[in-house]
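Enquirer: Sharing a structure, written as structure tokens. Questions coming.
Values quoted throughout were computed directly from the atomic coordinates according to the rules given, and no laboratory measurement underlies them. Bear in mind that the values here come from a model prediction, so they are computed numbers and not experimental data. All Cβ positions, glycine included, derive from the backbone under ideal geometry; neighbour counts span all protein chains shown.
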Amino acid sequence: HPPHYTAYDPSLLKEAPRHVIRTPSFDPLHFLPAFRGGRGRRDFVSFPDNKTGWIPFAVKWIRKINPDVLVTSGPPFSVHLAGFFTPSLWIAEFRDAWTLGHFGKYAFSWEERLAEKIERKIVESADACVVVSPHLKRDMERKYRKKIYCIPGGYDEEDFQVEPLKFKEFTIFYMGSTSEKRYMDEEIVFEGVKRSKIPARFLVAGMEGKGEGIEFLGYIPHKDAIRYMLSSDLLIFTSQTERKMKYVVSLKIYEFMRSQKPILYVCPDEELLEIMKGHAIPVESDPEKIGEKIREIYHGKHRFSFKHPKNYSWENVAEKYLELMKKLLHTKTKGGKKGKGYDKEVFKPRRLTSG
């Protein structure tokens with residue numbers, strides 16, 4: 001895998017569907033070191049991202065299979081380009097913000113302007129656009145004057161069929177990541193745990209480092225992260241502090257809720273806090289206040305009303321997607337025709353260029 005990837009977890013391949021088509025791809029970063037042109041800046045070797053070289057191979061297979069529905073999901077946002085070259089009903093999914101977020105920062109201003117034009121064309125051409133963030137839904141609807149569907153992320157129930165570890169001490173678990181470190185100063189969280197002054201074991205996954213009273217687990221397989229989650233007494237979750245990161249909704253939210261463990265939510269977003277109602281206690285990004293809340297939770301001064309978040313299981317999320325597809329198919333078919341019997345006047349390849 002390219003040298004700039006922060007982590008590689010081959011165990012996740014076991015969870016992939018049985019029918020997976022693998023194709024070649026021309027990825028410049030397989031051969032060139034990552035461009036380090038400044039925080040949040042894209043490498044200038046390819047545009048809109050380094051996965052553009054995969055699109056011709058993907059389009060070839062899409063045309064060969066001729067699916068009833070094509071879902072393109074980004075990032076990487078270059079995958080949406082495939083939607084312009086297929087007559088299938090097209091759903092463009094934005095799991096993160098592109099031009100409205102940090103992915104929209106490029107090395108040159110002309111790239112940012114071009115990205116704006118391409119995104120607008122995607123939104124206008126797709127039969128439906130889906131996002132996972134209420135914030136992104138609202139802002140994209142305001143920008144493009146088109147209905148945007150919000151279908152949240154979720155968790156896999158099978159991941160939670162693991163035997164928890166047995167820790168003797170009160171255990172606090174924080175699941176960070178190398179990318180998250182750019183936006184949230186974990187040192188505030190670490191200092192907060194230290195100031196709680198309780199006899200606790202503090203485990204940090206997804207990061208390498210050293211610190212007094214902190215056990216850095218490094219990058220661990222997803223199943224092991226779930227096991228640590230279920231084995232802990234308190235989970236710490238942090239929101240991104242940069243304005244453009246408000247669109248990011250981590251899947252950890254749903255997994256933390258499914259664990260039915262107390263959650264300390266640092267620097268909370270109001271909309272996400274509402275989703276986590278009953279599962280989380282909010283606290284400002286201040287070491288002293290974080291330490292105080294941890295002490296209160298340790299001494300049982302907060303009551304949590306855990307509810308099984310079934311609405312966010314992947315099965316229920318898939319049902320929402322299925323309902324959207326049925327709605328779109330019903331709208332786009334003529335004379336009750338379905339599947340490969342689409343009216344070619346209705347289903348025809350889009351044009352990336354205007355005119």
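Enquirer: Would you work out if the range 157-298 is rounded, prolate or oblate? Take a ≥ b ≥ c from the square roots of the eigenvalues of the alpha-carbon gyration tensor; rounded if a/c is under 1.5, else prolate when a/b is larger than b/c, oblate otherwise.
Expert: Rounded is the answer for the range 157-298, as its axis ratio a/c remains below 1.5.
Enquirer: May I ask you to derive the FRET efficiency for LYS332 and GLU212 from their Cβ-Cβ distance with R0 = 51 Å, giving the value to the nearest 0.05?
Expert: Using R0 = 51 Å, I get an efficiency of 0.25.
Enquirer: Read phi for every residue in the range 304-319 and hand back ³J(HN,Hα) as whole Hz from Karplus 6.51 cos²θ - 1.76 cosθ + 1.60, θ = phi - 60°, with x for Gly and Pro.
Expert: Per residue, the Karplus-derived 3J(HN,Hα) values read 10, 10, 5, 10, 5, x, 4, 4, 9, 6, 4, 4, 6, 5, 5, 4 Hz.
Enquirer: With label points built 7 Å along Cα→Cβ from the Cα atoms of TYR219 and ARG142, find their separation and express it in nm.
Expert: Result for the modelled spin labels: 3.6 nm.
Enquirer: Just to confirm the filter: which GluC sites (Glu not before Pro) across the range 142-239 are DSSP coil and have at most 12 other Cβ within 10 angstrom of their Cβ?
Expert: Within the range 142-239, the qualifying GluC sites (Glu not before Pro) (loop, at most 12 other Cβ atoms within 10 Å) are GLU169, GLU208, GLU212.
Enquirer: Next question, about the same structure. Please rank LEU234, LEU165, LEU217, fewest neighbouring Cβ atoms within 10 Å first, as an exposure proxy.
Expert: LEU165, LEU217, LEU234
Enquirer: According to a simple spin-label model (label point 7 Å from Cα along Cα-to-Cβ), what is the distance in nm between ARG63 and LYS307?
Expert: In this crude spin-label approximation the distance works out to 5.0 nm.
Enquirer: Given R₀ = 22 Å, what would the calculated FRET efficiency be for LEU165 paired with GLU296, taking r from the Cβ atoms and rounding to 0.05?
Expert: Plugging the Cβ-Cβ distance into 1/(1 + (r/R0)^6) gives 0.30.
Enquirer: Grab the Cα-Cα distance for SER73 and LEU273, subtract it from 0.36 nm times how many residues apart they are, and report the gain in nm with one decimal.
Expert: 69.4 nm
Enquirer: Taking H as built 1.01 Å from N, whose amide H comes closer than 5 Å to the amide H of THR171, not counting residues under 5 places away?
Expert: ARG201, ASP233, LEU234
Enquirer: In terms of modelled amide H atoms, which long-range or inter-chain residues lie less than 5 Å from the amide H of LEU70?
Expert: Placed amide hydrogens put LEU89, TRP90, ILE91 under 5 Å from LEU70.
Enquirer: What pairs in LYS137/LYS327; LYS117/LYS320; LYS51/LYS326; LYS277/LYS327; LYS166/LYS223 have C-alpha atoms more than 21 Å from each other?
Expert: In this structure, LYS117/LYS320; LYS51/LYS326; LYS277/LYS327 exceed 21 Å between Cα atoms.
Enquirer: Then there is this: Which order do GLU296, GLU119, GLU274 fall in if you start with the one that has the fewest other Cβ atoms within 10 Å?
Expert: GLU274, GLU296, GLU119
Enquirer: What's the magnitude of the charge dipole for the range 157-298 around its Cα centre, counting Lys and Arg as +1 and Asp and Glu as -1 at the beta-carbon? Answer in Debye, nearest 20.
Expert: In debye, rounded to 20, the range 157-298 gives about 220.
Enquirer: Tell me, what HN-Hα J-couplings in whole Hz come from the Karplus equation 6.51 cos²θ - 1.76 cosθ + 1.60 at θ = phi - 60° for each residue of the range 153-162, using x for Gly and Pro?
Expert: Listing the rounded values in order: x, x, 10, 9, 4, 4, 5, 8, 8, 10 Hz.
Enquirer: Specify whether the C-alpha gyration tensor of the range 223-331 places it in the rounded, prolate or oblate class, a ≥ b ≥ c being the square roots of the eigenvalues: rounded for a/c under 1.5, otherwise prolate if a/b is larger than b/c and oblate if not.
Expert: It is prolate, given that a/c is not under 1.5 and a/b is the larger ratio.
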